[in-house]
1. Please work out which residue is most open to solvent (accessible area, probe 1.4 Å), limiting yourself to segment 66-82 and to residues that are within 21 Å of Leu155 (Cα to Cα) and charged (D, E, K, R).
2. Among the residues of segment 47-63, is there at least one that is out of contact with any helix residue (DSSP H, G or I) (no Cβ under 7 Å at 6 or more places or on another chain), open to solvent by less than 20 Å² (accessible area, probe 1.4 Å) and not in a strand (DSSP E or B)?
3. Kindly provide the set of residues from segment 27-41 that are touching a residue at least 24 places away in the same chain (Cβ under 8 Å), under 27 Å from Gln100 (Cβ atoms) and open to solvent by 30 Å² or more (accessible area, probe 1.4 Å), ordered by number.
4. For segment 90-103, how many residues meet the condition of being crowded, with 17+ Cβ neighbours inside 10 Å and modelled with pLDDT under 95?
5. When you check Ala12 against the structure, is it open to solvent by 30 Å² or more (accessible area, probe 1.4 Å), free of Cβ contacts under 8 Å to residues at least 60 places away in the same chain, assigned to a loop (DSSP other than H, G, I, E, B) and not acidic (Asp, Glu), yes or no?
6. From the list Gly70, Gly95, exactly one residue is under 27 Å from Glu140 (Cβ atoms) and in a helix (DSSP H, G or I). Which is it?
7. Any residue in segment 85-95 that is among the acidic types (Asp, Glu) and more than 17 Å from Val25 (Cβ to Cβ)?
8. For Glu33, are the conditions met, namely being among the acidic types (Asp, Glu), at pLDDT below 95, at negative phi and part of a helix (DSSP H, G or I)?
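The values are calculated or read from the model by the stated rules, or taken from the named source; none is laboratory data. Keep in mind the model is a prediction, meaning the values are calculated, not measured. Note that we place each Cβ from the backbone using ideal geometry, even for glycine, and neighbour counts take in every protein chain shown. To get the accessible areas, we keep the full protein, side chains included, count just its heavy atoms, and leave off ligands, DNA and RNA. Shrake-Rupley method; radii C 1.70, N 1.55, O 1.52, S 1.80 Å.
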Amino acid sequence: MKIRGFRSEDAAALAQIFHAAVHGVSARDYSPEQCAAWSPEPAPAEVWQGRSDDGRFVFVAVNAADQPQGFIELERDGHIDCFYCHPDVAGTGVGLALYQQLEAQARDLGLSSLYVEASEAAKRFFIRQGFTDEGRREIERRGVGLHNYRMTKALS
């Protein structure tokens, strides 16, 4: 597994990974109705391309054939926006490798902290990385109630 920066040709694969992760990994903690509201279908590739154009760092885990398997996004203020791995590689260390690349980038930028709004599965991961749970947040997507957790980590 290799971690590299986002390329425009990755956009469609990231849309598929996001959708597969919501309906695979997240389905363990959220109802089918909640997952359908979260991601009713893969977003167009242009949506994912546009996200990378706003100055955020997007790290992509790729296999030996350079096919994306997961990704993580770091905004310049320390916000971790999206963090998803395809269900086929969840729990194999891909997410950890992505997170370690993101934290190294955050330190290189001189950021003093990171923060995230984490799903149930992501919360378990971020706790293992030293994040603090600052509380559950109730949100709504397409008229369906969901929840996540505000989490932070000081970088020393």
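1. Checked segment 66-82; the qualifying residue most open to solvent (accessible area, probe 1.4 Å) is Arg76.
2. no
3. Matches in segment 27-41: Arg28, Asp29, Trp38.
4. 1
5. No, not satisfied.
6. Among Gly70, Gly95, only Gly95 is under 27 Å from Glu140 (Cβ atoms) and in a helix (DSSP H, G or I).
7. Step one: of segment 85-95, the residues among the acidic types (Asp, Glu) are 88.
So of that shortlist, the ones also more than 17 Å from Val25 (Cβ to Cβ) come out as none.
Scanning segment 85-95, I find no residue that is among the acidic types (Asp, Glu) and more than 17 Å from Val25 (Cβ to Cβ), so the answer is no.
8. Details: among the acidic types (Asp, Glu): yes; at pLDDT below 95: yes; at negative phi: yes; part of a helix (DSSP H, G or I): yes.
Considered against the rule, which asks whether it is among the acidic types (Asp, Glu), at pLDDT below 95, at negative phi and part of a helix (DSSP H, G or I), Glu33 comes out as yes.
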